[in-house]
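Structure first, commentary second.
The values are calculated or read from the model by the stated rules, or taken from the named source; none is laboratory data. As the structure is a computational prediction, the values presented were derived from the model and not from experiment. Reconstructed Cβ throughout: ideal geometry from the backbone, glycine too, with neighbour counts over all protein chains shown. Side chains are part of the model used for accessible areas, which takes the heavy atoms of the whole protein and leaves out ligands, DNA and RNA. Shrake-Rupley method; radii C 1.70, N 1.55, O 1.52, S 1.80 Å.
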Amino acid sequence: MELRYLRYFVAVAQTRNFTRAAELLGISQPPLSQQIQRLEREVGTPLLHRLTRGVELTEAGEAFYQDACQILAHSDAALEKARGIARGINGKLSLGIASSNAFNPKIFSLLRQFQQQYPAIELRQRETNMAELMQELDEGLLDVAFVRLPCESSKRFSLRLVDEEPMMIALHRDHPLSGENELALSRLTDVPPVLFPQEVAPGLYEMMYNACLRANIDLKNACQASQISSSLSMVSAGFGFALVPASMACIASPDVTFHPLRGDEIKTDVAVACRQFERSPSVKRFLQMLGQ
């Protein structure tokens, strides 16, 4: 059954008049009458009672009219949705966020801005470590990912920088240096560092490891956290000190103090990674917003 038959029938049912329905549809009355007759033959029962000055719906016509309206509404919605996806204003966008970026306010400001500009696009967020983000982005499970640089595996993707963030020292409040503002790493040679596994974020791990080496920190006694974010819980428990992104200082803990680095300043970049030559209209809209 063709959709145009349904549109013709709905127009006649709503106007109760073939002449007015034909005017609304932009066709002449005889072809409209013929199409309605073909529809009734296909359905197998009369849908309209022809009157002297118009028409009225049969009982079967009333039921058919309700269903026809729903079918046309679904059809129109499907067309609009497909066209919206093609224009990048509808659809879904799967976003990955590195655990070390989970507290960066600029990232979530960008997501909020994008959602306001394109409310019909569904944002799906996933937070995990850098290694898994790169793998899922490569396999097409994610459309874009907010990564933290340096990251060697990110070089095979297209990258756009969105923020630069300094690293800070997280220290237990009972340490004698916890009352100072800035701290040099070299003053913490008596405190074991809390590191995350190298495979989680090799580039970031190497940068932090080398900074500790330059400061003569004893890495043999280093403690290991599962993620950079969980290192704060270990500092709070008294395991040692940790190097964390400055945005993580927003995590209120009565047992942890945060200190900017003195001397050997360490900065990391927050970037959006996507596949080279990405064709997704939603991704293109997202990158276009970043460019603005």
From the set of residues in region 164-179 that are surrounded by 15 or more Cβ atoms within 10 Å (Cβ to Cβ) and touching a Leu at 6+ places or on another chain (Cβ under 9 Å), which is nearest to residue 240 (Cα to Cα)?
171
Limited to region 232-264, what total is found for residues that are touching a residue at least 40 places away in the same chain (Cβ under 8 Å) and either of a type in the set (Ser, Thr, Tyr) or not in a helix (DSSP H, G or I) (or both)?
22
Among the residues of region 265-276, is any of a type outside the set (A, V, I, L, M) and either over 21 Å from residue 95 (Cα atoms) or in a helix (DSSP H, G or I) (or both)?
yes
Across region 185-199, what is the total count of residues that are open to solvent by less than 30 Å² (accessible area, probe 1.4 Å), at pLDDT 90 or above and either more than 24 Å from residue 104 (Cα to Cα) or of a type in the set (Phe, Trp, Tyr) (or both)?
2
Looking at region 263-292 only, could you name the residues that are open to solvent by 60 Å² or more (accessible area, probe 1.4 Å) and under 11 Å from residue 167 (Cα atoms)?
264, 265, 267
Looking only at region 142-163, filter to residues that are touching a Leu at 6+ places or on another chain (Cβ under 7 Å) and of a type in the set (Lys, Arg); which one of those is nearest to residue 216 (Cα to Cα)?
148
Those residues of region 52-66 which are surrounded by fewer than 15 Cβ atoms within 10 Å (Cβ to Cβ), at pLDDT 85 or above and not polar (S, T, N, Q), in sequence order:
56, 59, 62, 63
Here the residues within region 1-49 that are in contact (Cβ under 8 Å) with a residue 40 or more places away in the chain, open to solvent by 10 Å² or more (accessible area, probe 1.4 Å) and either more than 18 Å from residue 67 (Cβ to Cβ) or among the aromatic types (Phe, Trp, Tyr) (or both) are 16
Out of region 1-43, which residues are among the charged types (D, E, K, R), within 44 Å of the chain's Cα centre (by Cα) and either assigned to a helix (DSSP H, G or I) or more than 18 Å from residue 74 (Cβ to Cβ) (or both)?
4, 7
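One line per residue, one yes/no per condition, for (1) part of a loop (DSSP other than H, G, I, E, B); (2) open to solvent by less than 20 Å² (accessible area, probe 1.4 Å):
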site: 147; (1), (2): no, yes
site: 154; (1), (2): no, yes
site: 205; (1), (2): no, no
site: 226; (1), (2): yes, no
Residue count for region 101-133, restricted to those that are open to solvent by less than 80 Å² (accessible area, probe 1.4 Å), farther than 21 Å from residue 166 by Cα and part of a loop (DSSP other than H, G, I, E, B):
2
Pick from region 207-224, criterion over 15 Å from residue 171 (Cα atoms), more than 36 Å from the chain's Cα centre (by Cα) and of a type in the set (A, V, I, L, M), ranking: surrounded by the most Cβ atoms within 10 Å (Cβ to Cβ):
215
